[in-house]
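The values are calculated or read from the model by the stated rules, or taken from the named source; none is laboratory data. Quick caveat, the model's predicted, so the values are computed rather than measured. Cβ coordinates were reconstructed from backbone atoms using ideal geometry, including for glycine residues, and neighbour counts include every protein chain displayed. Areas reflect the complete protein model, heavy atoms only, side chains present, ligands, DNA and RNA absent. Shrake-Rupley method; radii C 1.70, N 1.55, O 1.52, S 1.80 Å.
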Amino acid sequence: MTDLPDPTSSPSQPPEHHLPDELLLAYATGTASAPIALLVASHLTLCPACREKAATYEAVGGALLAEAAIDTRGAVDGGEPTLDDGALDALLARLDAPREPEPEPVYDPDGVLPAPLVRRVGAFRDLRWRWLAPDTHGVKVMDRPGHLPVRLVRIRPGAVLPPHDHTGVERALILGGGWSDEVGHFERGDVAYVEADRTDHRQVILDAVPCVALVVNDAPLRCHNPLMRLVTRVLGV
Amino acid sequence: MRGTGSPAGRGAPTEIDALLLRIGADRDREAFRQLAREAAPRVRGYLRRSSRDDAQVDDLVQDVMLTLWRRAETFDPSRASGWTWIYTIARNRRIDLVRKAARADVDLDDPALVRAGPDAPDRAVGRERLRSHVRDALEALPEAQREVVVATYFEGITFREAAERQGLPVGTAKSRMRLALKALREVLAHLGEGGR
């Protein structure tokens, strides 16, 4: 396969563009929506610094659990008591019950997709890309009721994307290749976070290998070129 | 691990860590009995904040406890303390309940994982020392911030929802959460400094 972004071509450097704390916290507290959790877990796979932060937020949860007061009846913070001897015996009786084996972990044989994405879409090499817009192909990763679907996109190396406005927040995790815009360079592991009111966004795709990114968009992009606007409206890009 | 030079320098494992390790190594039922007495009420307290269905909560508690028994051999105290590990398992059960979609978890064995460089500080110690201080840190927060943090962890709602419940505009909520997180992180950073 010729257009496989080779993650080994740039040795796995920790990323420079990170997730906002708000999303790391949402992940650690289990309050993130499914698309955001997928984005966060994928970034964390590639970013030791954010992994450390998320682990800290999880440790706060562990601390809150540990510090909860249990009274002599086995109740927490004055609530109903739990786990009397009967309940404990019932629990112990279930310990050796036969159970289904845990599913084997699946990984991308080419090391392009983090495991949380592989669990959704399979191996990178088997993805079925569909044309989305000039220079751009996509694979739907997850439906998002009321929003654009979560997508993987693949953009031709060296492409210059048509200028566009953002009408909602866009979060993109670069998985291969990259792009540059007014903010900076974005490469594997980086998160590009575009605010909802960003106008005239111009992205240039880096040369050599296709840019592959996981994109979570709250609202459609609005292209300046009327023809492109029509295309994106029809496609819901 | 800096400055301590030996695994023992991680500090004495807590009682919960020791129980989990015994279960993982020997399938020790007495250890599980003790673990259940400590953990089940807390897990229940955690889960019942986000559900009013007592029967459902009881099922989830049993489920979490069985998961602790089955997966104890994967518990690694160098990655997270016992309580943090238990918290993540209880949290995951809650997510499974709320969300139909498969959960998205980082897999630390993923070949695609980018590891921290050899010079990166091992923060597991400072992180876990946070535990004894988290109460203090939370109590030091203004009440409104504290409520937002606790609600975010225990009630399964986002801080935006927590703020709306208090009748706060999202902007105000956001700045409160930021302040609260900053305060918590400062406590942590302080501990990290002292610990090395």
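Summary of computed values
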| item | result |
| --- | --- |
| Residue within the range A:183-194 that is in a loop (DSSP other than H, G, I, E, B), at pLDDT below 90, of a type in the set (A, V, I, L, M, F, W, C) and open to solvent by 40 Å² or more (accessible area, probe 1.4 Å) present | yes |
| Scan of the range B:63-109 for residues that are open to solvent by less than 40 Å² (accessible area, probe 1.4 Å) and of a type in the set (S, T, N, Q), ordered by number | B:Thr67, B:Ser81, B:Thr84, B:Thr88, B:Asn92 |
| All positions within the range A:154-170 that are in a strand (DSSP E or B) and open to solvent by 20 Å² or more (accessible area, probe 1.4 Å) | A:Arg154, A:Val160, A:Asp165 |
| First in the range A:49-63 and at the interface with chain B (Cβ under 7 Å from one of its Cβ atoms), second anywhere and among the aromatic types (Phe, Trp, Tyr) and assigned to a helix (DSSP H, G or I), Cβ under 6 Å, 6 or more apart | A:Gly61/B:Tyr87; A:Gly61/B:Tyr153; A:Gly62/B:Trp83; A:Gly62/B:Tyr87 |
| Per-region count, the range A:131-153, residues buried (at least 19 other Cβ atoms within 10 Å of the Cβ) and touching an Asp or Glu at 6+ places or on another chain (Cβ under 9 Å) | 2 |
| Top-ranked residue in the range B:66-107 [being part of a loop (DSSP other than H, G, I, E, B) and more than 9 Å from every other protein chain (Cβ to nearest Cβ); ranked as modelled with the lowest pLDDT] | B:Ser78 |
| Residues located in the range A:197-211, provided they are out of contact with any strand residue (DSSP E or B) (no Cβ under 6 Å at 6 or more places or on another chain) and within 23 Å of A:Arg222 (Cα to Cα) | A:Asp197, A:Asp200, A:Arg202 |
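Every residue, every condition in (1) closer than 25 Å to A:Leu39 by Cβ; (2) open to solvent by 20 Å² or more (accessible area, probe 1.4 Å); (3) free of Cβ contacts under 8 Å to residues at least 12 places away in the same chain, yes or no:
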residue	(1), (2), (3)
A:Asp96	no, yes, yes
A:Glu100	no, yes, yes
A:Glu104	yes, yes, yes
A:Asp108	yes, no, no
A:Leu113	yes, no, no
A:Arg120	yes, yes, no
A:Asp126	yes, yes, yes
A:Trp129	yes, yes, no
